[in-house]
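The next block holds one structure in the form of structure tokens; read it before the comments.
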Amino acid sequence: MPAQFQNILCASAVLVCLCMNSIRPAIAEEGGDNGALARSPDHSTIVTALLYPVNRILDIFDIFRINVGFGPGYGINVRATKVLQVGIESYSTVRVGLGKESGIWNPRYGIVYTESEPFTAGASMAYMGGRQRGAMEVGTTVHLGFVGAEAAIDLAEIADFFLGFVIIDFKKDDH
């Protein structure tokens, strides 16, 4: 086994042990209170420090939505934000690519995930569709027949990414 791989495995094992040792006292303190996990101050500090680089990477993925969808339907939507959008959509798809909040493999980030949009149409604040889209998302969705595509960036997630460097998580999505 290469030395670099051994070093990575060793460092990972140490991090897991540190996390488990910081969680164990919190569980013991909590007892049987509905199975809730109480966070001790040490647990919070250690976990925040260990997950800091991971959270910065995950925040990058929050920014983008780019995918291809397969399933019956139709639709076009163009948006400058959730309030400034226009479109008509009705589809049920399995999407492959980057998406948020609906993944099968990981609930926060979908690589393969499903998405349904019941019939919605309108412009601006009268457009009630796009539950899965962020309030500050800029992008477009097109779906014709059995194939669709989507590309967007979320301006609020860009701010969350940069503020995360100073431990400000206004989107409350860091672990």
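Every read-out reported here was derived from the displayed coordinates using simple, explicitly stated rules and does not represent laboratory data. Remember, predicted model here, so these are calculated numbers, not experimental data. No Cβ is skipped: glycine too gets one built from the backbone with ideal geometry, and neighbour counts run over all protein chains shown.
Length gain on complete extension for the stretch L155 to A126, per 0.36 nm per residue less the alpha carbon to alpha carbon distance? Spell out each step's value before the answer.
Values: separation 29, 0.36 × 29 = 10.44 nm, distance 2.15 nm.
So the chain would gain 8.3 nm between L155 and A126.
Each of L163, L98 was scored by other Cβ atoms within 10 Å of its Cβ. Listed from fewest to most, they are L163, L98.
Other residues lying with their Cβ under 15 Å from the Cβ of S92 contribute a combined charge of -2, Lys and Arg counting +1, Asp and Glu -1. Taking label positions 7 Å along the Cα-Cβ direction at both F165 and A135, the computed distance is 2.5 nm, reported to one decimal.
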